[in-house]
Each structure stands twice: as C-alpha cells, then as structure tokens.
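Remarks on the structure that follows.
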Amino acid sequence: MRRLFIFATILAATMLVAFFQQPFQKAAGASEDPPKIYLPLIANQTNQSQPIVVNHLSTNVHEIPDYWITQARKYVVHYAHTSHGSQILTGLEWLEAQDSKYNVSIRVSGVTALPSDPTALGIYDGNNYPGNTYITPEMYWESASGLSHTRSVLNSGFFDFSLWTWCGQMSSYSISQVQAYMSTLNQLEEEYSGVSTIYYTGHTDGTATGSTLWRNNNLVRAYVDQNDKVLFDFADIESYDPAGTYYPNANDSCSWCTSWCSNHPAAFECQNLSQMGDCAHSNKLQCSLKAQAFWHLMARLAGWDGK
C-alpha cells in the first residue's frame, strides 16, 4: 500500500511539472502570437485583506528590495490610457536606462498582444482597437462597446492586472459617473478571478480642497480603503515634492519641479532627465516619480509589505 501511495505521488508530481512546461496557447480571438517562452502567470492579490495604495510616499525605487523587484518582473499588465497615463510608461523606460534591473517590456499595439521580453515587467499598451492605442473612458469602461473590448483583452488570459488612467475627466465628472467607474472595475474583477484592476485618481488641475476634482478623487480613495482595492494615487504624487512639501494648488504641469532639480542636482529622480522622452503635459520629474511609484505598486502586489 505504501509503495502504491509513493507511485501515485510521483506520478502526480510528474504530471504537474509537465503541465507547467507547456507553452501558453493562443486564446481565441487574440490577434498576435505570444512569445514561445512565457512563465505561467503568478498569483495576484485580487483578494488581499487590505487596500494597497501608492502615493507621494512611494516615489523612491531604491527602497524596494531586489527580491521584490525580481518578483514584480513576473507580472504582465494590461495598461490602457489617454495622454496623461503615458507619463508612467515614459518614466519606466527612463528608469530602465538608469538601471537595467528595472527592466520593462512595453508592447504598444492596437490589438491584444504580449510584450516580447518574458524576463521583464510586461505591459500591453492598448485595448484591442486596431490602429488605436489612445483609450478614452468609453473605450475601456464607460460603454458596452468599451467593456467588450476590455473583456476581449482579458479573455486572452495573458494578464495579471488591468487598468485605465484618467485624463481630465475627474475635474468635471458627477458623483454617479465616478461611482460607475468604480462599480465597473469591481465588476471586471468579479468576472475575471485571476485579474486585479488598479484604480487611479485624476491628475491635479490647480484647484484645492472642495473642488470637483478633490471630491471625486476622495470618492475613489474612500472606495479603495473600504473595499480593499488597489490605488495608484496620481494626484497625490503631483501634490508633494520629494521632501514632502505639500502644494495644495498643484497642477499637472508641476510648477515646483524645475526648481527642485535645480536645487537637488544629485538626486536620483533628477538624473539624466534630458535623455527621457516627452512627459505628456508635465515636467519630466513627474514621469520619474510616477515610474518609481509604479514599481512600488508592482512590488507591493507581489507581496512586499512596503517596509
């Protein structure tokens, strides 16, 4: 009986190894073939027991242990955005140029596609709209058609996380529209148990406490906190310099950024910014800080406690 048990155990282990050695098969409807070698997607934090939030306290990438950088590079992210959201992608490419351990593979494609490098943090930039990677609200979550496109991406099974970043809509949207945004992202999580959605606040617009933007961003923050969701606090990062000075009337062009780097020329976040591509609507320092915060987010999702 003991020999039978040992044989069964070895057989089960052999079958499990064989399963994970199989390459991913192309999902129905996917428009491009995945690379031949890709590790199985690792478990994400869809059901984490507390909210995960990155903000202005999360903009120093050197705080992240190398182990968690390595773990974060196993993720593949579906990243849909308008122009403001591109700031993070621009910053990620700059950060990789500073240190190759922050390796990122960004695939810009109008159709669903995996990034080419399975050893890097993978990002698909688009939402399955052939010939178009500029994704407005109705093209991701705010219409039935947009949701159909988003589902077509998630149906591929390629992705651990899915997100969409705001342009200026949070400065004018009603409470019901913001609630619809949060409800729809939650619905997607319920439909795709292997995928977590990442919530965003809208960028700053020069207004302070009591404005429509302030109200709407706080609606998202409260929802994330109460429902153990994941938040990239775009507006909060724009509202503080790296020393922690608060700018209540900050705007997305970042009035304090130039003077910060002039006064702190040796600071990592200011290094080689001339080599960075265009930081849409903002100062290049903002792309640097947001990219570092994005690595914080990926490391936290991989299991790092942030300490």
Handout entry: Counted residues, the stretch 180-232 - those being surrounded by fewer than 22 Cβ atoms within 10 Å (Cβ to Cβ) and among the hydroxyl-bearing types (Ser, Thr, Tyr)
Key = 9
Problem - Any chance residue 213 is touching a Ser or Thr at 6+ places or on another chain (Cβ under 7 Å), in a helix (DSSP H, G or I) and either in contact (Cβ under 8 Å) with a residue 12 or more places away in the chain or within 25 Å of residue 76 (Cβ to Cβ) (or both) - result: yes
Practice task
Inspect all residues belonging to the stretch 258-272 and state whether any of them is among the aliphatic types (A, V, I, L, M), closer than 30 Å to residue 185 by Cα and surrounded by fewer than 16 Cβ atoms within 10 Å (Cβ to Cβ).
Solution key: no
Exercise for the section: Keeping to the stretch 113-127, report how many residues are touching a Lys or Arg at 6+ places or on another chain (Cβ under 9 Å) and either aliphatic (A, V, I, L, M) or buried (at least 19 other Cβ atoms within 10 Å of the Cβ) (or both). Expected result: 10
Exercise for the section: Quick one: which residue in 139, 170 is more than 17 Å from the chain's Cα centre (by Cα), surrounded by 18 or more Cβ atoms within 10 Å (Cβ to Cβ), at pLDDT 95 or above and closer than 18 Å to residue 235 by Cα? Expected result: 170
Exercise for the section: List every residue pair whose Cβ atoms lie under 9 Å apart, where the two residues are 6 or more positions apart in sequence or sit on different chains, the first residue falls within the stretch 160-172 and is within 14 Å of residue 301 (Cα to Cα), and the second residue, located anywhere, is among the aliphatic types (A, V, I, L, M) and in a loop (DSSP other than H, G, I, E, B). Expected result: 160/41; 160/42; 160/43; 160/195; 161/195; 162/195
Exercise for the section: Please report, ordered by residue number, the helices (runs of 4 or more DSSP H) entirely within the stretch 216-307 with at least 2 residues that are under 26 Å from residue 52 (Cα atoms). Expected result: 234-238, 284-302
Exercise for the section: For the stretch 135-173, name all the residues that are touching a helix residue (DSSP H, G or I) at 6+ places or on another chain (Cβ under 9 Å) and hydroxyl-bearing (Ser, Thr, Tyr). Expected result: 136, 140, 143, 145, 150, 162, 165, 171, 172, 173
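The values are calculated or read from the model by the stated rules, or taken from the named source; none is laboratory data. The structure presented is a predicted model; accordingly, all values stated were derived computationally and were not measured. As a convention, Cβ positions derive from the backbone with ideal geometry for all residues, glycine included, and neighbour counts pool all protein chains shown.
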